[in-house]
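Accompanying notes for the structure given below.
The values are calculated or read from the model by the stated rules, or taken from the named source; none is laboratory data. Since this is a predicted model, take the numbers as computed values, not measurements. Cβ coordinates were reconstructed from backbone atoms using ideal geometry, including for glycine residues, and neighbour counts include every protein chain displayed.
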Protein chains: 2
Amino acid sequence: MLETVYVLGGGQTRFGELWDYSLTDLIREALDQAIGNTKILPTDIDTVVIGNMLGGETAEQAHLGTLVSGLLPHHPPALRVEAACASGGLAVHTACALLESGKAETILVVGAEKLTDVSGDFVSRALMHAADAEKDAPSGLTFPGIFALTAAAYMHEYGITRENLSLVSESSHRAAVKNPYAQFRKEIPANVISKSPLVADPLRLLDCSPISDGASAVVLSTRKESPVRIAASSLASDSLSLTDRSSITSFESTREAMNRALKESGLDRNVIDYIELHDCFSIATLIHLEDLGYADAGESIRLFLDRDTEANGSLPINSSGGLKACGHPIGATGVKQVLDCFKQLTGQAPSQVKNAKRALAHNLGGVGATCTIHLLEAL
Amino acid sequence: MLETVYVLGGGQTRFGELWDYSLTDLIREALDQAIGNTKILPTDIDTVVIGNMLGGETAEQAHLGTLVSGLLPHHPPALRVEAACASGGLAVHTACALLESGKAETILVVGAEKLTDVSGDFVSRALMHAADAEKDAPSGLTFPGIFALTAAAYMHEYGITRENLSLVSESSHRAAVKNPYAQFRKEIPANVISKSPLVADPLRLLDCSPISDGASAVVLSTRKESPVRIAASSLASDSLSLTDRSSITSFESTREAMNRALKESGLDRNVIDYIELHDCFSIATLIHLEDLGYADAGESIRLFLDRDTEANGSLPINSSGGLKACGHPIGATGVKQVLDCFKQLTGQAPSQVKNAKRALAHNLGGVGATCTIHLLEAL
């Protein structure tokens, strides 16, 4: 990082089916929470960055940067960024660039998505805009279908079972019980997950993150100090279509983003105390942990069998509930991950990891087509 | 600027109703042109930024950064930005921040839009996503309707005539004749413009920029040198809705972006030799010239009455044909403006301004809700 970028804090709405909220309502609440929690003045914000994927399709609203700016009294310069489900992480990354370039000193980063005002079929089709419209969508694939292909290949290659997959979702649901912002605050045992309705073989309903509304916001600054800084902000891309990959059980974008982040920060992966992982599907969690270098290929299930991923385990992951149980309002997810890492490093997390000093937020777009990684460090 | 950002050059497709091209085809052609014209290797590009507004709505394709990245052999990190019709200028601005931050050294900036594969009604409604979905769209307003309100107010306030407005479009059409990339290469006299079909009183069909397909690309670098640099890159926002403004005959975002650009560059507005202006509607041209400080309020029509805006005049504007006659593929426009400024500064413009040393690209989103300004300087 060319400059020290401090995370001042942030706020979020509850994630869920929020039928009483418009997209603007969601953004306003996250913005108010962020300003209230960080105790900055609205006019301290000199730039706004928002991550959002489907504002035009699901809320008839593009041009969201300026919409957020208009909620502030002084209309600061504003932009929207998009990289499908990695839109939130991309917003944080873009904000870091603006801060490091000197173009901004204090940025409000917002992530937001409103998905439940349209039908499930409409959302499924709109979400497929994250894949390749010429190579993937015409075959009738949906995202559960795409990840089902990776799950089938992974299970075949490494011999894990259907019951193994359920342990991943069980862990997320157990964690979310304590998170007041989570969409599903209910423990669900693995055997129930294994018997939930089939979506795309071998994936079942409770392997999949839900359709959610929600917004989140963090304030980043080079001018105002805080006990937490961003130690690295990395972005990596891969082919949009899974059909252009040599392997479908590993995502090169995660590997590259992790390498870039470790290099930028000078940190070793073993000093990370907490991970917010992009668990869009149970199988994705297993793949990500291997791509991040925390398990050998085919071995990550052991972390769940041994309960290493719990808040008091050796590799705490998604104590917030993750995408699976906290919810996945597309653009909001990546920003909320950074907020949850901040909470862990400042002792404010609902399931607190003891003495957490460094945290990692991993946000994925498409089927590993975009990856952002942010490393946060307590000072 | 924290670093010297060089403009290495670029390329574009023809703008128009390009029914044989998909969105990906358009992007591929602009990318190939840009790489060919700048003589860089594809692998010199370490980051991709694309400006696009309606990929999801009109081409079922979001996640466009990664789509562009996938057209390159090495899949560099990529992002999409959006600020309605200012998406292209915003892409250049974001690229400047990434270069100044040290996160990138050579960036391919693309602008692209595919609008003619869907109906005109569908596009009109999708374009309204650039305005406020809660305050503007429900009233039935379209963009021609919004700019008609500004035109009526301006004509009432300053006493210009319907025939005056036609001079603005006449000038753009005269210029576009020489531009091989222009959508309309035909002179249209003012009296024909005044009699063209009424769209939204007082605006007629030939006051309005067209619905266009197209893509454009420029390569910016801090590592490779070139005879042209970016002297300033500014971004400003205003309220999304016109209903929240104190005046509708002047756009504060243009004024603020211009002040920021002049301050950043240390240049005076009088040293600018060429302007690419966001002439989405004839009335917008008149307002912009006043907001940029090149005419007093209500006086800019004199520049057209005196033909000062021709390539050999005292204030050359839109010798490319501008949005009106070269075309307006939303996300492509702001990038193409920077490309046309580059051509003027390197003696490659179809209507060349003699000894042009400094040029300005002015890109607007919504009804003055976002403005980007880029100042380019020959070294």
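Quick notes on this one:
- Members of segment B:72-88 found to be under 16 Å from A:Ala91 (Cα atoms) and more than 7 Å from chain A (Cβ to nearest Cβ), listed by number: B:Ser87
- For B:Thr106: the one exception among (1) crowded, with 20+ Cβ neighbours inside 10 Å; (2) more than 22 Å from A:Ala369 (Cα to Cα); (3) away from chain A (no Cβ under 14 Å): (2)
- Of all the criteria given as (1) outside any loop (DSSP other than H, G, I, E, B); (2) within 28 Å of B:Ser237 (Cβ to Cβ), the one not satisfied by B:Val192 is (2).
- Here A:Ala95 meets the list (1) buried (at least 23 other Cβ atoms within 10 Å of the Cβ); (2) facing chain B (nearest Cβ under 8 Å) almost entirely, failing just condition (2).
- Any hit, segment A:266-274, residues being acidic (Asp, Glu), touching a strand residue (DSSP E or B) at 6+ places or on another chain (Cβ under 8 Å) and crowded, with 16+ Cβ neighbours inside 10 Å: yes
- Scan segment B:68-100 for residues that are touching a residue at least 60 places away in the same chain (Cβ under 8 Å) and more than 19 Å from A:Leu64 (Cβ to Cβ) and the total you get is 5.
- Subset of segment A:253-275 [touching a Gly at 6+ places or on another chain (Cβ under 7 Å) and within 12 Å of chain B (Cβ to nearest Cβ)]: A:Ser253
- Residues that are within 14 Å of chain B (Cβ to nearest Cβ), in contact with a strand residue (DSSP E or B) (Cβ under 7 Å, 6 or more places away or on another chain) and either at pLDDT below 95 or closer than 24 Å to B:Ser237 by Cβ (or both) within segment A:4-22 comprise A:Val5, A:Tyr21, listed in sequence order.
- Failed criterion for A:Asp32 (all others in (1) more than 10 Å from chain B (Cβ to nearest Cβ); (2) under 22 Å from the mean Cα position of the chain (by Cα); (3) touching a residue at least 40 places away in the same chain (Cβ under 8 Å) hold): (3)
- Top-ranked residue in segment B:191-248 [being acidic (Asp, Glu) and over 26 Å from B:Leu292 (Cβ atoms); ranked as nearest to the other protein chains (Cβ to nearest Cβ)]: B:Asp213
- Residue check: B:Ile317 meets all listed conditions (1) farther than 18 Å from B:Ala112 by Cα; (2) within 13 Å of the chain's Cα centre (by Cα); (3) within 14 Å of chain A (Cβ to nearest Cβ) but one, namely (3).
- Selection over segment B:295-310 of residues that are more than 16 Å from B:Asn270 (Cα to Cα) and either in contact with a Pro (Cβ under 7 Å, 6 or more places away or on another chain) or not aromatic (Phe, Trp, Tyr) (or both) gives a count of 9.
- Scanning segment A:46-93 for residues that are β-branched (Val, Ile, Thr) and farther than 17 Å from A:Gly10 by Cα yields A:Thr58, A:Thr66, A:Val81.
- Any hit, segment B:41-61, residues being in contact with an Asp or Glu (Cβ under 6 Å, 6 or more places away or on another chain), surrounded by fewer than 24 Cβ atoms within 10 Å (Cβ to Cβ) and without any contact (Cβ under 8 Å) to a residue 24 or more places away in the chain: no
- When B:Thr38 is tested against the conditions (1) within 14 Å of chain A (Cβ to nearest Cβ); (2) modelled with pLDDT of 95 or more, the lone failure is (1).
- Condition check for A:Tyr274: in contact with a Lys or Arg (Cβ under 9 Å, 6 or more places away or on another chain), closer than 30 Å to A:Pro42 by Cα and among the aromatic types (Phe, Trp, Tyr): no
- Taking the conditions (1) out of contact with any strand residue (DSSP E or B) (no Cβ under 7 Å at 6 or more places or on another chain); (2) at pLDDT 95 or above in turn, A:Ser253 satisfies each one other than (1).
- Here segment A:211-234 is the region considered, the condition is being touching a Lys or Arg at 6+ places or on another chain (Cβ under 8 Å) and of a type outside the set (S, T, N, Q), and the residue that is farthest from A:Leu262 (Cα to Cα) is A:Asp213.
Here's the yes/no breakdown for (1) under 30 Å from B:Leu31 (Cβ atoms); (2) within 14 Å of another protein chain (Cβ to nearest Cβ); (3) assigned to a helix (DSSP H, G or I):
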| position | (1), (2), (3) |
| --- | --- |
| B:Glu310 | no, no, no |
| B:Ala332 | yes, no, yes |
| B:Gln348 | yes, no, no |
| B:His362 | yes, no, no |
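- Residue match in segment A:57-71 (condition: over 30 Å from B:Gln61 (Cβ atoms), within 14 Å of chain B (Cβ to nearest Cβ) and not hydrophobic (A, V, I, L, M, F, W, C)): no
- Residue-level check: of (1) at pLDDT 95 or above; (2) at the interface with another protein chain (Cβ under 9 Å from one of its Cβ atoms), A:Asp25 misses just (2).
- All positions within segment B:119-145 that are in a helix (DSSP H, G or I), within 19 Å of the chain's Cα centre (by Cα) and within 11 Å of another protein chain (Cβ to nearest Cβ): B:Ala126, B:Leu127, B:Met128, B:His129, B:Ala130
- Qualifying residue in segment B:184-195 (condition: buried (at least 20 other Cβ atoms within 10 Å of the Cβ) and within 18 Å of the chain's Cα centre (by Cα)): yes
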